[in-house]
1. Among Ile57, Ile108, which is surrounded by fewer than 18 Cβ atoms within 10 Å (Cβ to Cβ) and β-branched (Val, Ile, Thr)?
2. Given the criteria without any contact (Cβ under 8 Å) to a residue 60 or more places away in the chain, part of a helix (DSSP H, G or I), among the charged types (D, E, K, R) and crowded, with 18+ Cβ neighbours inside 10 Å, does Asp64 qualify?
3. Output the residue which, of all residues in segment 84-110 that are in contact with a Phe, Trp or Tyr (Cβ under 9 Å, 6 or more places away or on another chain) and outside any helix (DSSP H, G or I), is nearest to Leu26 (Cα to Cα).
4. Which residue is surrounded by the most Cβ atoms within 10 Å (Cβ to Cβ), if the candidates are limited to segment 67-77 and must be touching a residue at least 24 places away in the same chain (Cβ under 8 Å) and not charged (D, E, K, R)?
5. Can you go through Lys8, Lys80 and tell me which one is assigned to a helix (DSSP H, G or I) and either modelled with pLDDT under 95 or surrounded by 13 or more Cβ atoms within 10 Å (Cβ to Cβ) (or both)?
6. Out of everything in segment 25-48 that is without any contact (Cβ under 8 Å) to a residue 40 or more places away in the chain and among the acidic types (Asp, Glu), what residue ends up being surrounded by the most Cβ atoms within 10 Å (Cβ to Cβ)?
7. Can you find, within segment 13-24, the residue that is surrounded by the fewest Cβ atoms within 10 Å (Cβ to Cβ) among those that are part of a helix (DSSP H, G or I) and not charged (D, E, K, R)?
8. Which residues, counting only those in segment 92-110, are within 13 Å of the chain's Cα centre (by Cα) and among the hydrophobic types (A, V, I, L, M, F, W, C)?
Amino acid sequence: MSLTSERKLSTSINTKLFDEQELSLLHLLIHNTESGRLTSIEEINKVLGLIKRNPEIQKKQRSDIMTGINQKYNFVYPNKQAIILKQRSSDDGRSFDYFIAFEDLQSIKSLLPIEAVQ
């Protein structure tokens, strides 16, 4: 599917596809991925407003939001992998860093409101 076709498709479905928290997280992940950086749990907690919550609530909220994004993405692109991927942190092998596969950047951007992509 071309970027133009994806944009036309997304115009009809992206109006309410992602909520504000999901959009904030996607912007962070897209920005970091385009900059060649992984996104830490601390950065995600900050953008989601979870800094002052206890660690178990942070973990649950992060998981719920990322699962929601991946499910919505897979609804629109059923043959693609999850959009938010993770790998073990090089600093602390017990935690993960998150990213979007570079080849999927255009498809996720096509699902964002036009003003959010610029």
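1. Working: Ile108 fails: surrounded by fewer than 18 Cβ atoms within 10 Å (Cβ to Cβ).
Of Ile57, Ile108, the one residue that is surrounded by fewer than 18 Cβ atoms within 10 Å (Cβ to Cβ) and β-branched (Val, Ile, Thr) is Ile57.
2. Numbers: without any contact (Cβ under 8 Å) to a residue 60 or more places away in the chain: yes; part of a helix (DSSP H, G or I): yes; among the charged types (D, E, K, R): yes; crowded, with 18+ Cβ neighbours inside 10 Å: no.
When the stated conditions are applied, Asp64 does not pass them.
3. Step one: filter segment 84-110 for residues in contact with a Phe, Trp or Tyr (Cβ under 9 Å, 6 or more places away or on another chain), giving 84-89, 104, 107-108.
Filter again for outside any helix (DSSP H, G or I), leaving 84-89.
Numbers: Ile84: 9, Leu85: 12, Lys86: 14, Gln87: 17, Arg88: 20, Ser89: 19 Å.
Among those that are in contact with a Phe, Trp or Tyr (Cβ under 9 Å, 6 or more places away or on another chain) and outside any helix (DSSP H, G or I), it is Ile84.
4. The initial filter retains those residues of segment 67-77 that are touching a residue at least 24 places away in the same chain (Cβ under 8 Å), namely 68-69, 72-73, 76-77.
Imposing the further condition that a residue be not charged (D, E, K, R) reduces the set to 68-69, 73, 76-77.
Working: Gly68: 15, Ile69: 25, Tyr73: 23, Val76: 18, Tyr77: 17.
Selected residue: Ile69.
5. Details: Lys80 fails: assigned to a helix (DSSP H, G or I).
Going through Lys8, Lys80 in turn, just one is assigned to a helix (DSSP H, G or I) and either modelled with pLDDT under 95 or surrounded by 13 or more Cβ atoms within 10 Å (Cβ to Cβ) (or both): Lys8.
6. Looking at residues that are without any contact (Cβ under 8 Å) to a residue 40 or more places away in the chain and among the acidic types (Asp, Glu), I get Glu43.
7. Taking segment 13-24 and keeping what is part of a helix (DSSP H, G or I), we get 13, 20-24.
Next, only the ones that are not charged (D, E, K, R) stay: 13, 21, 23-24.
Numbers: Ile13: 12, Gln21: 17, Leu23: 15, Ser24: 18.
If we take residues in segment 13-24 being part of a helix (DSSP H, G or I) and not charged (D, E, K, R), then Ile13 is surrounded by the fewest Cβ atoms within 10 Å (Cβ to Cβ).
8. Residues satisfying the conditions are Phe99, Ile100, Ala101, Phe102, Leu105, Ile108.
The values are calculated or read from the model by the stated rules, or taken from the named source; none is laboratory data. From a predicted model like this one, the values you see are computed outputs, not experimental measurements. Quick reminder, even Gly has a Cβ in these numbers, built from the backbone with ideal geometry, and neighbours come from all protein chains shown.
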